Amino acid sequence: MKKPEKIVIIIAIFLLSMGLVSGVYIEKETDENETIFADGYLEVEDSLLTMDNIFSRCTCHNHVTNRGNYTGVSLSCVINISNIQDPEIHDYAIIALDGYTKTVSWMDMKEGILTDERYAVFSHLPRAYWIKDVLRIEVK
Amino acid sequence: MKKLLATVLLFGSLWGLFECSVGDFLHDYDLSVVTAAFAIFLMSVTRLKYGQPGMQLGMALVAGLLRHFNPVGTCLICSSIAIIIEGLAFEIIWVFPWKKYDTLSMKVGMGVISFYSIYAFGYLATQILTPLFTATFFLSDLIGVVPRIFSQAVLAGLIGSIFLPLAFWVDSLSISFNDKFYYPSTISLISMCWIAIIAGI
């Protein structure tokens with residue numbers, strides 16, 4: 001095997017290893033948060049809210065998107081019941097169980113909904129902003 | 001030149017049709033890597049067959065534009081960005097003179113490297129450019145998604161280890177079309193793809 005071939009094989013193995021290590025890291029992160037998630041809690045900044053609590057205190061809305069209809073509570077309501085001071089001046093990082101994060105503005109929170117399956121849907125934003133398995137909302 | 005342009009339009013349209021028809025469906029199951037692998041395979045086969053640098057970026061531009069104007073889907077801009085960046089990343093990787101080493105280990109190794117990095121660059125680019133075009137970019141969001149990108153790119157790399165050697169095998173087959181049939185069939189296929197995409201397949 002010539003030197004360039006060896007270099008290519010080494011780089012290929014390095015990339016695959018990096019991907020596998022990342023996969024293990026994601027699994028570890030997911031496992032650590034699994035308990036809170038499985039117990040039906042949603043972390044909003046420092047408070048823990050149950051999904052039942054959220055759905056009993058916020059009104060459900062129907063959201064029509066070109067990928068179907070979704071029913072859920074307004075994300076701004078979730079923030080309001082968490083007693084965040086001056087919610088309109090903050091941005092909000094929505095974090096999924098596997099660590100996938102997207103930060104949105106208060107205006108986006110008013111447009112977006114959280115379904116009972118913990119799916120954050122923003123019909124006015126690209127799909128990259130729709131987050132499955134929402135675990136936590138951090139105030140920025 | 002005319003034939004090359006027709007070929008760019010043809011393969012770009014086929015790629016666009018594939019993205020528009022099954023792209024969202026696969027994305028729902030976290031299998032966007034399959035659409036990327038199809039695209040990289042298509043680019044590899046056409047690059048080997050026609051040997052024309054820049055052709056694959058042209059195909060990506062055609063596919064990206066078609067994806068953008070497809071009326072169905074929820075992230076047309078992210079898909080379009082990913083497609084065009086994949087084409088650009090492909091061109092960069094194929095500039096390197098690795099093809100002169102005609103061995104299976106080189107093809108397998110480059111299959112892993114090219115499919116892995118093209119998929120990762122496409123994914124990464126959408127995470128940077130989509131917020132810039134549509135909302136606000138936050139570095140913390142990007143950092144959070146990097147492990148996910150690397151992890152999902154492993155599947156792309158493994159697919160590449162099989163599909164790049166396969167692209168070389170496809171190239172070794174002597175497939176040729178008579179010009180008499182080439183243009184009418186190419187125009188028919190392009191028209192079919194565009195009609196299907198505009199109709200919202």
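Read the figures in this text as sums done on the coordinates, not as results from a lab. Please read all numbers here as calculations on a predicted model, not as lab measurements. Here the Cβ positions follow ideal geometry from the backbone for every residue, glycine too, while neighbour counts run over all protein chains shown.
Relative contact order of the stretch B:62-196, taken over Cα pairs closer than 8 Å and 6 or more residues apart, is 27 percent.
Principal axis extents of the C-alpha atoms in the protein assembly as shown (largest first, rounded to whole Å): 70, 48, 29.
Hey, what's the Cα Rg ratio for the stretch B:36-120 versus the globular rule of thumb, 2.2 N^0.38 Å?
Relative to the rule-of-thumb radius for its length, the stretch B:36-120 sits at 1.14.
With 5 Å bins beginning at zero, the pair-distance distribution over Cα atoms of the stretch B:2-198 amounts to 1, 8, 15, 20, 20, 16, 11, 6, 2, 1, 0, 0 %. This model, with +1 at the C-beta of Lys and Arg and -1 at the C-beta of Asp and Glu, gives the protein assembly as shown a dipole about its Cα centre of some 2020 debye. Between the stretch B:176-190 and the stretch A:69-103, the alpha-carbon centres lie 54 Å apart. Check the stretch B:2-198 and count each lysine pair with an alpha-carbon distance under 14 angstrom, considering only pairs eight or more places apart or from different chains. For the stretch B:2-198, qualifying lysine pairs total 5. Cysteines in chain A lacking any other cysteine Cβ under 4.7 Å from their own Cβ: A:Cys60. For the stretch A:69-83, backbone phi angles converted through the Karplus equation (6.51, -1.76, 1.60; θ = phi - 60°) give residue-by-residue couplings of 9, 10, 10, x, 8, 5, 5, 5, 5, 4, 5, 4, 7, 8, 6 Hz, Gly and Pro being listed as x. Sparsely packed loop sites in the stretch B:27-65 (the chymotrypsin sites (Phe, Trp or Tyr not before Pro) outside DSSP H, G, I, E and B with at most 13 other Cβ atoms within 10 Å) comprise B:Tyr29.
Scanning chain B for long hydrophobic helices, with DSSP H runs required to stretch 15 angstrom or more by C-alpha along their axis and to average at least 1.6 on the Kyte-Doolittle scale, returns B:76-93.
In summary, the aspartates and glutamates within cross-link reach of A:Lys6, defined as a Cα separation below 15 angstrom excluding same-chain residues under 8 places away, comprise B:Asp102. Which is farthest toward the positive dipole end of the stretch A:1-102 among A:Ile13, A:Asn53, A:Met1, measuring Cα position about the Cα centre, with Cβ charges +1 (Lys, Arg) and -1 (Asp, Glu)? My answer, from the dipole projection, is A:Met1. Of the chymotrypsin sites (Phe, Trp or Tyr not before Pro) found in the stretch B:101-201, the ones in coil according to DSSP and having at most 13 other Cβ atoms within 10 Å of their Cβ are B:Phe177. Each of B:Ser105, B:Val170, B:Gly16 was placed along the dipole of the protein assembly as shown (beta-carbon charges, centred on the mean Cα), and the one lying farthest toward the positive end is B:Val170. When the convex hull of its Cα atoms is viewed from all sides, the stretch A:23-119 shows a mean projected area of 6.8 nm².
Axis angle, to the nearest 10 degrees, between helix A:3-38 and the longest C-alpha principal axis of chain A: 30 degrees.
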